[in-house]
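First the structure, in the form of structure tokens, and then the observations on it.
The values are calculated or read from the model by the stated rules, or taken from the named source; none is laboratory data. None of these values were measured; they are calculated from a predicted model. Counting neighbours? That spans all protein chains shown, and the Cβs are built from the backbone with ideal geometry, glycine included.
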Amino acid sequence: MSLTPPSGGAPFRSGFACFVGRPNAGKSTLTNALVGTKVAITSNRPQTTRHSVRGIVHRPDAQLVLVDTPGLHKPRTLLGERLNDVVRTTWAEVDVIGFCLPADQKLGPGDRYIAKELSEVKRTPKVAVVTKTDLVDSQRLAEQLIAIDQMGRELGIEWAEIVPVSAVGDKQVGLLADLLVPLLPEGPALYPDGDLTDEPEQVMVAELIREAALEGVRDELPHSLAVVVEEMLPREGRPADRPLLDIHANVYIERQSQKAIVIGAKGSRLKHVGTTARKHIEALLGTPVFLDLHVKVAKDWQRDPKQLRKLGF
């Protein structure tokens, strides 16, 4: 772990920043772009993120720890309420808040709802991050920047910065890091060099499986999907140069009728989910994997406190 200040005598800074915003505002994609690797799952479905994933950005002058929160939304279930609680708890604990607002969507009631809540968080610096700038022209981007500045004035938020970025196009991602770092407190690195996240491997594996399962299913299904990794064990009797990691995981849905959607005709969809997830898991862990998936029904788990605890919420 390097604790020495960078050349030039500037103090080393380290601290936590979180990205908040409506569901599907580009928070996870931005986290991955800043860290330089996949630490948060992404999907074109809202409410993909279920946990506060930490990604760690190492720089000569600073260590920036990113907390990727679920999207704040009007909850319809107990799970939704708990996800919102995660967001608000995170706000109270970080050094700087990044409010993600997509460039291709006009500001709406959801954005104002979050901004109003942010206005109550008085002492934490707030940066407006305009995401998905690759999807709009310069005029539309300028209009969005003006609208965000105006919303801040109306609600009493003094933005430390308003930064347009494209995580997909890698535009101004480095600039965003440059602007976040001065808002962190002085202090030594919080994590060893090389660490990119503090999420347990088992949690990350479950998230990669859930990401694969989310692709190509009906709109209502993502809210009903949860994944629990039951076991991760090296296969016994394998030669040292040909290791194999056995992973057994359950994909939970809420209703029996959803089971056929996840499994597909003659198991085709589940097989595709397994193949896709296995490639990402092997890239993450750096070892060959045997992935054993089972689909189980946990009736109305989003509304059942006991089921939520069992599934890790």
Check your understanding: Checking LYS266 against (1) of a type outside the set (Ser, Thr, Tyr); (2) over 26 Å from the mean Cα position of the chain (by Cα); (3) loosely packed, with under 12 Cβ neighbours inside 10 Å; (4) outside any helix (DSSP H, G or I), which single condition isn't satisfied?
Key -> (4)
Check your understanding: Filter the range 110-167 for residues that are in a loop (DSSP other than H, G, I, E, B) and farther than 24 Å from VAL87 by Cβ; which is farthest from the chain's Cα centre (by Cα)?
Key -> ASP137
Practice item. Could you check, for the range 287-309, whether at least one of its residues is modelled with pLDDT of 85 or more, under 14 Å from LEU225 (Cα atoms) and part of a helix (DSSP H, G or I)? Key: no
**Study point:** Subset of the range 241-263 (residues that are small (Gly, Ala, Ser) and either in contact with a helix residue (DSSP H, G or I) (Cβ under 6 Å, 6 or more places away or on another chain) or in contact (Cβ under 8 Å) with a residue 60 or more places away in the chain (or both))
**Key:** ALA249
Review point. In the range 206-225, what count of residues is obtained for those that are modelled with pLDDT of 85 or more and touching a helix residue (DSSP H, G or I) at 6+ places or on another chain (Cβ under 7 Å)?
Key: 4
